[in-house]
Amino acid sequence: MKKLLKMEIYEATHNNIYLLMIGIAIVYGVYSGYGDLEENFYNLSLGGYEVLLAMLHDAPGTCMLISAFPALLIGKSFSNRTLITKVASGNSRGIVFFTKAVSILIITTVSMLIYSFSGAFAVTIKYGFNAPSGVNVITLMKILICTILLYLAIFSVIILFGVIFRDNLKTIIVSVITILMNAIYLFVARSMNLPLYRHPMNLLRVILNNNSTFEFISFSLEGIILLGFIIMLSYNIFCKCELK
């Protein structure tokens with residue numbers, strides 16, 4: 001499994017789709033970083049920390065932008081028969097599925113973090129990081145760990161759509177529309193008093209302000225449970241589906 005996972009990550013990182021995703025994350029991240037200087041959501045000193053929080057605050061919208069790429073990666077794996085070849089080579093369906101899922105989730109989450117940190121880094125060079133005195137490494141680690149777990153849970157839905165449709169175009173369309181509709185729901189729910197607080201995309205924003213130990217554990221557990229449920233559901237579908 002370890003060897004197959006290394007192969008998956010190697011193939012992904014040498015894939016033009018991944019390179020394009022990283023390129024967009026860096027360019028859009030730097031552009032958004034300077035743009036977010038004008039919208040100080042948290043009334044912080046001008047600097048990299050303010051921009052980092054602002055860009056993490058914008059994560060639901062960025063998820064929609066990035067979602068097309070992992071959808072394309074998983075859809076393409078079915079379309080070009082890569083997964084079939086690996087199963088035919090003697091690897092179990094379980095190992096093939098988990099290595100594919102893990103590699104896609106890793107590179108997608110890394111791209112999201114690159115987006116946020118590239119903007120913060122660019123602004124830090126010019127203005128400094130300027131984190132408030134009450135913010136320390138532990139606070140930042142809580143935010144980042146919880147954010148990563150929520151990213152993994154959100155993007156695992158794309159893996160599910162990939163194994164359901166096993167088609168490039170359908171996976172991309174349904175994935176982007178689903179994340180778009182959830183982003184719209186976040187916007188509408190506030191004005192219509194709809195259930196919102198435990199929504200994974202909303203938690204990406206809530207954790208920025210409410211990062212006590214209790215909230216950190218609570219939000220992280222939600223991310224882990226959602227991730228585990230969706231991945232296991234996807235795994236069961238993949239093991240029973242007909243690979244053509």
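The values are calculated or read from the model by the stated rules, or taken from the named source; none is laboratory data. Quick caveat: nothing in here was measured; it's all calculated off a predicted structure. As a convention, Cβ positions derive from the backbone with ideal geometry for all residues, glycine included, and neighbour counts pool all protein chains shown.
Brief remarks follow.
- Selection count, segment 82-106, where residues are outside any helix (DSSP H, G or I) and without any contact (Cβ under 8 Å) to a residue 40 or more places away in the chain: 3
- First in segment 228-244 and at negative phi, second anywhere and of a type in the set (S, T, Y) and in a helix (DSSP H, G or I), Cβ under 6 Å, 6 or more apart: I230/S156; I231/S156
- No other residue among F78, F129 is modelled with pLDDT under 90 and either in contact with a strand residue (DSSP E or B) (Cβ under 6 Å, 6 or more places away or on another chain) or part of a loop (DSSP other than H, G, I, E, B) (or both) apart from F129.
- Matching residues in segment 88-98 - criterion: being hydroxyl-bearing (S, T, Y) and either crowded, with 22+ Cβ neighbours inside 10 Å or modelled with pLDDT under 90 (or both): S89
- Checked against the criterion of being touching a residue at least 12 places away in the same chain (Cβ under 8 Å), crowded, with 22+ Cβ neighbours inside 10 Å, within 26 Å of L203 (Cβ to Cβ) and out of contact with any Cys (no Cβ under 6 Å at 6 or more places or on another chain), the candidates A131, A71 yield just one match: A71.
- Near pairs, Cβ below 9 angstrom, 6+ apart or cross-chain, from segment 161-185 (farther than 16 Å from L243 by Cβ) to any residue that is not in a helix (DSSP H, G or I): N182/H199; Y185/L194; Y185/L196; Y185/H199
- Filtering segment 189-224 to residues that are under 20 Å from V102 (Cα atoms), of a type in the set (A, V, I, L, M, F, W, C) and touching a residue at least 40 places away in the same chain (Cβ under 8 Å) leaves only I224.
- Scanning segment 10-23 for residues that are more than 14 Å from K76 (Cβ to Cβ), hydrophobic (A, V, I, L, M, F, W, C) and touching a residue at least 60 places away in the same chain (Cβ under 8 Å) returns a single hit, I22.
- Residues satisfying the stated conditions in segment 191-207, i.e. buried (at least 19 other Cβ atoms within 10 Å of the Cβ) and of a type in the set (A, V, I, L, M): M201, L203, L204, I207
- Tallying residues that are at pLDDT 85 or above and of a type in the set (S, T, N, Q) within segment 158-212 yields 7.
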